[in-house]
Amino acid sequence: MAEWKWVYTFGDGKAEGQAGMKNLLGGKGANLAEMSNLGLPVPPGFTITTEVCTYYYDHGRSYPQELKGQVENALNFVGRLTGRTFGDAQNPLLVSVRSGARASMPGMMDTVLNLGLNDVTVEALAKGAGD
């Protein structure tokens, strides 16, 4: 049986998704995929499908078994495009987490910026910035 796809990447002028996949990728995810497919300068990233939320509530508040590996692969994809590695003490990759839904839901969730920033990675960023 084929593995279920929970994570869709975008960046470098291409994406696994497209604008018509709003129900699966949410509004932000579908539009980021479409902008990337059009060649607009969208920073690389990935979208966790709206189906993960459905799965979570349908399966006793647990995540799909394949999700962790797919997120790790997506982080590696973003890292290859940026030349950075999540959690790396020399050249860290920082990510932002934004919520998205099939329909607009104002106030749904705050954006989390600079995920991956800690006492070790901040030193690498300071050194890289010369500050």
Check on residue 32, part of a loop (DSSP other than H, G, I, E, B) and hydrophobic (A, V, I, L, M, F, W, C): no
Residues located in segment 17-39, provided they are modelled with pLDDT of 95 or more and either open to solvent by 90 Å² or more (accessible area, probe 1.4 Å) or touching a Cys at 6+ places or on another chain (Cβ under 8 Å) (or both): 18, 38
Single condition residue 21 does not satisfy, out of (1) touching a Lys or Arg at 6+ places or on another chain (Cβ under 9 Å); (2) part of a helix (DSSP H, G or I): (1)
Residues located in segment 109-131, provided they are modelled with pLDDT under 80 and surrounded by 11 or more Cβ atoms within 10 Å (Cβ to Cβ): 109
Residue that is least open to solvent (accessible area, probe 1.4 Å), among those in segment 1-16 that are aliphatic (A, V, I, L, M) and closer than 14 Å to residue 78 by Cβ: 7
Residue match in segment 49-72 (condition: in contact with a Gly (Cβ under 7 Å, 6 or more places away or on another chain) and aliphatic (A, V, I, L, M)): no
Enumeration of residues in segment 40-74 that are aliphatic (A, V, I, L, M) and either surrounded by fewer than 16 Cβ atoms within 10 Å (Cβ to Cβ) or assigned to a helix (DSSP H, G or I) (or both): 40, 52, 67, 71, 74
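The values are calculated or read from the model by the stated rules, or taken from the named source; none is laboratory data. What you are looking at is a predicted structure, and each value in this text was computed from that prediction instead of being measured. Neighbour counts run over all protein chains shown; Cβ positions are idealised from the backbone, glycine included. With ligands, DNA and RNA removed, areas are computed over all heavy atoms of the protein, side chains included. Shrake-Rupley method; radii C 1.70, N 1.55, O 1.52, S 1.80 Å.
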